[in-house]
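Heads up, the thing below is written out as structure tokens.
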Amino acid sequence: MGNSSSAASLPYTIEPTPLHKLSNQWQLHEGRRKSDSSPVSVFKLSKSSLLSTTGLPQVPHGENLLHAALHHFRKSKTLVHPQILRVEATLDTDDPDGTKSAAAGGGAASTGGMATGVGDLIIVTEPVMPLLAYLEDGGPGGAAGATAPQQLSQDGLAWGLHNLIHALSFLHNNAKLSHGNLCLGSVYVTPGGDFKLGNFSLLSGIPLQQHFRDCDADVCPHDYRSPERLKRDYDAVADCAPHVLDSYGLGILIEEMFRMPLAGGRVPNKLTKAIARLKTPNVKMRPRVLPLLRCPIFDVALVKFMETMDGLAAKPVEEKISFFQGVPDLLQRGVVDVRTAGRYKLLPELVRSVETICAGGPQALAQDVNRREIMVVIPPLFLIVEYLTSSDEQGNIEFFQSQVIPLLITLFTINDRGVRGALLARLPSLTPHIPVATLNAQIFEPMCSGFSDTSAPLRELTLKSTLALVPHLNSTSLEKMTRYLIRLQGDNEASIRTNTIIFVGKVVGVLGDNQRQRLILPAFTRAMKDEFTPCRLAALKAVLQCKDYFDPRNLAKDVLPLVCPHLMDNVGEVRVEAMRVVEDFVLVLKEECERMSAEEGGSMAHLETTTTDNTSTPIAPAPSSGGWAMSGLGSWAMGGIMSTTKADADSGPTTTSTSAADTMPETTTTAIPTQPQAADNDGWSDDDHDDDNDNFGNNSTPVPPPSWMENPEAKKNTLTNKVPGFSSPSSTEDDFFSSFDKPAVTATAKIGGVGKTSSSGAKGRLVVPTPAAGSASSSASKKTLAERRAEFEKRKALRQQQLQAQKEGKAK
């Protein structure tokens, strides 16, 4: 479309697709400034769409429309007023330097040199939308989505009408010009809800210029033309004031605005008489537009708010403070639409006030008036921020991050408790929308000063506000926060200590393993010893929340010893909570014990299987007489280690004290038959350990002999073919061991003097002949365990009879 290379030279990016197609072939595009990406509106008109290169009209009256477009292109740059559409840049791609237009000198004739061009007319303005689209679509500030659609819509239109009256008054009284084309297509609405006057295609002084007479019928809508214009009686206004043409058009415009469905569908009664006067056919009776502002429709809170905002920068500080104090109420009641006036008009003023004060440095902040101004700025600021962060409208979050976050960073640098407290109270709702890097470096870092502030309420508020920040903090910030938590546990304020332990219970899952282990157990230990009852109660509840971060061993060794004393706490509520904690932890430990037992059961089953396999193998040949002597001593030694109850399970009733003779039945109570070898070794072989194991608890696992018995030298010194002398039942344990050093007895195996003994043998001594090689071991290997056990019991009973007989003989 035209010379795109010339359009690219503008410091703006222009979207190729138009947002709106306007009257007279103009198109409205969205654009952005290249330097800061701020939005703009771009009006484009292709000359070739109106007039061909040969000068023939492409549309009816195309030449007049092109002349009117060129007239608007030139005049829009020369008019500057707050209620007139602000033009930032213009470009005629057929005349980028403007030399042709300057040489032509303006006027209708000046279009001759450009009429045959094929380029574009480009006008860059502040961001706006057509009034017609605003009314039809329920744009920002309209009835759609408002708290009270009917009232807000009429108040918003009243404010827009207020803007148009001021713009027309400027043209009529200051510029001495008549707009001439006042209609819905000549009014635009900013994002802040302001109405801006544009489309100066018929702008002319009085008397009316020739271009007005030529283009009037083709440019201005029929309904907006006054009776004299319809008659083309332009001389009727030659001696009139410039307002006479626009007054009539304004009356028509007001009717159309308020009759739109979103505007209520009817003209307010307050404007009925005023509209009738504006539309009077008598040129001399049409009033000026400025006195219309005295109409009661403009006596509303929104209009007064907007008027104050426009002149706020020039007002004294006290008036600004008084104004800002009343703004939150207007925002909450919906009088001021946060989407429009709040975001695009109020917020910039709030930012400007804070930046101006902070630019003065500590000296400016030390002044009470500046401090009070910042304090009244914060409430409306956060009401707007709340809308930006909660609304799903496109661009709100980007706007928050670009406009609000820098202001928050500035506010956190202010060393004032009132300002800091106001920020902390509202910080949790903003945290998810603040970039993590900014939050850690520029928000949390200055915020930490509140942990050590001398004001207890500020320390407590800092702690509560930090809770929302924890999921977004990096490891460095978490480490710093952990140190402050440890410090706060020793705070003088009991409520701060209580809130600290509650805080620990809530954030423990976010901490790293090292930070968690260093913090939670010492924190709970200190809190449970606190004299403040709510602190102890909070610690018990917090430790229950954190049970998943303790392993069962820590629960048993470290945590339960902390909790159990509180079962006897003086406060019933603490006792109840402590009991709940103990019961919960005991269940955890019980499950762990059952798991461990199940694992041990599997291991024991495997071990039993292995033992069974080992006992089913052939038994090795029995050792010589030295071997059975040693194995008998081993059995006695193992029997002395184990419990007396278990040792006597199969040997009769137990006694309170047991002598050395009573504790070694396997060694001294065995009856030796007259047949040598096999019978003697069967009761004393190493296989008797199985009997010993059965007697001590029926443990299927073989008990290994003491380690000293494995010493080869000990075996060498104790192995012999003779059994040492037997001491009386009253002999001590030392006598038993010393009997190995006494002379051996040589005789046949007889008991209690029944048989004959050798000359050196004492009465009652026992001599066991040396067994034949291989015979005893062969016989033992063929007997089963049950047979050996039965034989052992017989020998045991026989030996007891022998001992009884000896006692009776001594008694006689």
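In the context of the full set of protein chains, segment 351-507 has a per residue accessible area of 43 Å² (1.4 Å probe). With the convex hull of its Cα atoms as the shape, segment 445-519 has an orientation-averaged projected area of 4.4 nm².
Subtracting the Cα-Cα distance of ARG266 and ALA366 from 0.36 nm times their residue separation leaves 30.5 nm of extension gain. Spin-label model, LEU467 to LYS273: label points 7 Å out along the Cα-to-beta-carbon direction sit 6.2 nm apart.
Size descriptors for segment 333-417 (Cα atoms only): Rg and Dmax, in that order, 13.5, 41 Å.
One Cα centroid belongs to segment 380-443, the other to segment 519-548; the line between them spans 34 Å. So what does log10 I(q)/I(0) come out to for segment 159-243 at q = 0.20, 0.23 Å⁻¹, using the Debye formula with one equal point on every Cα and no solvent? Taking Cα atoms of segment 159-243 as identical point scatterers yields -0.94, -1.18. Per q in 0.18, 0.21 1/Å, what log10 I(q)/I(0) does a Debye calculation on the alpha-carbon atoms of segment 185-335 return? Values, matching the q order: -1.17, -1.41. Once label points are set 7 Å from the Cα along Cα→Cβ at both ASP214 and GLU318, what is their separation, rounded to one decimal in nm? Going from the ASP214 label point to the GLU318 one covers 6.1 nm. Considering only alpha-carbon pairs that sit under 8 angstrom and 6 or more positions apart, the relative contact order computed for segment 399-545 is 18 percent. Just round it to a whole percent: the fraction of Cα-Cα distances in segment 485-590 exceeding 16 Å. Counting pairs separated by more than 16 Å, the tail of P(r) holds 52 percent.
Its relative contact order, with pairs defined as Cα atoms under 8 Å and 6+ residues apart, puts segment 532-588 at 43 percent. Between HIS222 and ALA359, the FRET efficiency from the beta-carbon distance, with R0 = 56 Å, is close to 0.50.
Relative to the Cα centre, the charge distribution of segment 480-583, modelled as +1 at Lys and Arg Cβ and -1 at Asp and Glu Cβ, gives a dipole magnitude of about 340 debye. Of the solvent-accessible surface of segment 209-362, computed with a 1.4 Å probe and all protein chains present, 52% belongs to carbon and sulfur.
Taking all protein chains as shown and a probe of 1.4 angstrom, GLU398 keeps an accessible surface of around 120 Å². Per residue, the average separation of C-alpha pairs within less than 8 Å and at least 6 apart gives segment 345-411 a relative contact order of 35 percent.
Between ARG232 and LYS810, the modelled label-to-label distance comes to 16.1 nm, taking each label 7 Å out from Cα in the direction of the beta carbon.
Computed from the C-beta positions of ARG789 and VAL588 and an R0 of 35 Å, the FRET efficiency is 0.15 to the nearest 0.05. The candidates MET309, MET129, arranged from most to least accessible area with a 1.4 Å probe in the full protein assembly, appear as MET129, MET309. When MET447, MET375 are compared by accessible surface with a 1.4 Å probe, the order from highest to lowest is MET375, MET447.
The values are calculated or read from the model by the stated rules, or taken from the named source; none is laboratory data. These numbers were taken from a predicted model, which means no experiment stands behind them. Because the Cβ atoms are built from the backbone with ideal geometry, glycine has one as well, and the counts that use them run over all protein chains shown. Note: areas computed on protein heavy atoms with side chains; ligands, DNA, RNA excluded. Shrake-Rupley method; radii C 1.70, N 1.55, O 1.52, S 1.80 Å.
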